[in-house]
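Quick notes on the structure that follows.
The values are calculated or read from the model by the stated rules, or taken from the named source; none is laboratory data. Treat the numbers as computed from the prediction; the structure is a model and nothing was measured. A quick note on method: Cβ atoms are made from the backbone with ideal geometry, for glycine too, and the neighbour counts reach across all protein chains shown.
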Amino acid sequence: MAEVLVYVDHVDGAVRKPTLELLTLARRIGEPVAVALGGGAADTAGVLAEHGAVKVLTHDASEYAEYLVVPKVDALQAAVEAVSPAAVLVSSSTEGKEIAARLALRIGSGIITDAVDLEAGDEGPVATQSVFAASYSTKSRVTKGTPVITVKPNSAAVEPAPAAGAVEQLSVSFSEQATGTRITGRTARESTGRPELTEAAIVVSGGRGVNGAENFALIEALADSLGAAVGASRAAVDAGWYPHTQQVGQTGKSVSPQLYIANGISGAIQHRAGMQTSKTIVAVNKDAEAPIFDLVDYGVVGDLFEVVPQLTEEIKTRKG
Amino acid sequence: MSLRIVVTVKYVPDATGDRHFAEDLTVDRDDVDGLLSELDEYAVEQALQISENSDDDVEITVLTVGPEDAKDALRKALSMGADKAVHIEDDDLHGTDAIGTSLVLAKAIEKAGYDLVISGMSSTDGSMGVVPALLAERLGVPQVTLLSEVSVEDGTVKGRRDGDAASEQLEAALPAVVSVTDQSGEARYPSFKGIMAAKKKPVQSWDLSDLDIDADEVGLENAWTKVDSAAERPARTAGTIVKDEGEGGRQLAEFLASQKFI
C-alpha cells in the first residue's frame, strides 16, 4: 500500500488536533508516515501510532526554532525523497501552507490548499475546497508530481486506529536558504485556557453590537459555559475590542465548528467567508434584517445584553 | 544608496459581488467588477512608509499579472504614491495556477531589478496565501512573511510575525521577500494630487516573450492542479427566528439542548 506523508504540527511534543485529523484522511489514501521535527519530536510517536501512523520520521536540530520555515521544507523534502509517498498532507496553518508551497515547487508537484475533505480517486487524491466565501464547493486534483495538499482544521474526525508507529531518524542536510531568516525573539501568547479558535467544536463570536472591549466579558462568559473558543468580527477587532488573533473572516481565521454562535454580528461577506461552513449556526442580533439571519438554524432578534446573559445562565443551570 | 522595492499586486473580482466560475472552471473575471485586492493595499502602504522613513533613494515599482483591466489595480497603487508600474499580460496566461504565477512574477521581479519584494498576505479571491513563499523559493532569497510590523535599515529587513502560538521577531539581509498582513497599518486613500500624478507615471507592458517564458510553462492546460468540478453550495435551509420577548435566551438554550450541544 502506498505511503502518505503527514507533517506533524506539535508544540514540544504535544501533537495538535489537526494533525490527528490528517491521519484520518491519510488512511483513506494509504499508510500514514508522520514527519515530526524539532524539540520533542520523538515524544509525538505514541499518539501518532494510536491514530494510524505506521512510521514516525523524526529529526531535531536547533535550526527549526532559530530560522523561519525553510529548515522544515528541507526536512520534508528529505522525507519525500526517502519515502516516495503517494501524497503529502500538511495542516492549513499559515506556516503549514508556506512549508507546503515551497516543498511543492522544489519537488515539481502541484499544490492544493485549504481542502475541507479528501478522498482517494482513480487519478490520485481528490480534494474538496470551499471557495468564494464558501458559496461554492470545488473538487480538484494535483496533476503533476506528488500531490501536496493542505487541509483545514475540523475537516475530518479524529479516529483511533492503532498502528506500529515505529520511530526512525530522518537524515536532513540543510540548504543554503535554511538560515536566511533568523528568528531573533519569540513571545509566547498568553494562554486563555480556551480551545484554539480554528480547532474548537464550538465558537462564540462577538461583533459591532458588543459595543466595547469591556462587554466582551459577556461573550467570554457564554463561551466558557459551553467550553467554546471566542471569536470576533473584523469590526470588533478594528475597534480594538478584541485581539486580531481571534478574528473570524476573510482576513482572519476561517472556522468550521459544530456550532457557531454570532452575537451582534451583521454577517457581512467578510465575516461569512470565515464561518459559513459551520455545521450549526445561531445568531443574536437586534436588527431583524441583518444578513446573518439568512444563514442561521436558529436566530433571536433581540438585545444581546438581555439574551446572552440569560442564555449563559440557562446553560449553567442545565449543566448543573 | 538606493533601495528598489517591487510590490506585487493582484486585480480581483469584488468580494461583495456575485463571484462565480467561468465554463472552464477558472474564476469569472468578466461579470464582476474588479479592483486592487484590499490585502495588497497594505503592501503598497508599507512600501510607501519604508520609502518615507528612509534616507536612501527609494524607487517603488508595482507589478501585476492579469488581463487588460488589471491596469486599474496598478493605477490605484500609483495614485497612492508608487513610482512606476509593470503590467504583465499575455493570452497564454489564462488559467495559470499559483505555481505558474510565481514563475511569471519571479522572472518579472528579476527583470525589473529589486532589493525588496513586498506582497500582501494573500489574494481575496484565490486566497491561497502561498505566492510570497513561492517567490522567495524561486528567487533564492530570504522569506520574511506575514508581518504586522516591518522596517528596513542598513540593508536588513526586520519585522514582527504574529502567529497563533507566539509572536516572533524576524530579521534577514536584503534582498528579501516580505509579506504584510492587514494589521500592518491602514492603507492611505489616494489624494486628488496623487490621482492626477498617477496619470503621468510610466506603466510598462510585458508579455511572456519579454520574460523568456514559454507558453507551455503557464496557462490552464499546463497547471499542476486541475479543478474537476465546481458546485454552488446549496442555500442553507431557512432556520427558526424568534423575537426576544423576555425569553429569547432560554428559547435559544432549548434549541441548543435539542441539538445536544448542552
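A few notes on this one:
- Exclusive hit being in the same structural domain as A:Gln77 (by TED's automatic domain parsing) and at pLDDT below 95, set A:Lys97, A:Lys139, A:Lys152: A:Lys152
- For the range B:65-97, a residue qualifies if it is more than 24 Å from B:Glu45 (Cβ to Cβ) and either touching a Leu at 6+ places or on another chain (Cβ under 7 Å) or buried (at least 20 other Cβ atoms within 10 Å of the Cβ) (or both), and the qualifying residues are B:Asp90, B:Asp92, B:Leu93, B:His94, B:Gly95, B:Thr96, B:Asp97.
- Screening A:Val88 with (1) touching a helix residue (DSSP H, G or I) at 6+ places or on another chain (Cβ under 9 Å); (2) closer than 19 Å to B:Lys226 by Cα; (3) in a loop (DSSP other than H, G, I, E, B); (4) more than 11 Å from chain B (Cβ to nearest Cβ) gives one miss only, at (3).
- Filtered by the rule that a residue be more than 14 Å from chain A (Cβ to nearest Cβ) and not in a helix (DSSP H, G or I), the range B:211-224 gives B:Asp212, B:Ile213, B:Asp214.
- Listing of strands (runs of 3 or more DSSP E) fully contained in the range B:143-210 that carry 1 or more residues being touching a Phe, Trp or Tyr at 6+ places or on another chain (Cβ under 6 Å) and either surrounded by fewer than 18 Cβ atoms within 10 Å (Cβ to Cβ) or more than 8 Å from every other protein chain (Cβ to nearest Cβ) (or both): B:176-180
- Matching entry among A:Ala273, A:Ala232, A:Ala217, A:Ala262 (being more than 16 Å from B:Gly249 (Cα to Cα) and in contact with a helix residue (DSSP H, G or I) (Cβ under 9 Å, 6 or more places away or on another chain)): A:Ala232
- The set of residues in the range A:119-132 being of a type outside the set (Val, Ile, Thr) and more than 7 Å from chain B (Cβ to nearest Cβ) consists of A:Glu119, A:Ala120, A:Gly121, A:Asp122, A:Glu123, A:Gly124, A:Pro125, A:Ala127, A:Gln129, A:Ser130.
- Unique match (being of a type in the set (Val, Ile, Thr) and within 26 Å of B:Thr156 (Cβ to Cβ)) among B:Val130, B:Val86, B:Val104: B:Val130
Residues checked against (1) more than 9 Å from chain B (Cβ to nearest Cβ); (2) buried (at least 19 other Cβ atoms within 10 Å of the Cβ); (3) of a type outside the set (A, V, I, L, M, F, W, C); (4) in a strand (DSSP E or B):
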{"site": "A:Val73", "(1), (2), (3), (4)": "no, yes, no, no"}
{"site": "A:Ala82", "(1), (2), (3), (4)": "yes, no, no, no"}
{"site": "A:Glu95", "(1), (2), (3), (4)": "no, yes, yes, no"}
{"site": "A:Asp117", "(1), (2), (3), (4)": "yes, no, yes, yes"}
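- Single residue of A:Ala188, A:Ala161, A:Ala157 found to be surrounded by fewer than 19 Cβ atoms within 10 Å (Cβ to Cβ), free of Cβ contacts under 8 Å to residues at least 24 places away in the same chain and either in contact with a His (Cβ under 8 Å, 6 or more places away or on another chain) or within 24 Å of A:Lys253 (Cβ to Cβ) (or both): A:Ala188
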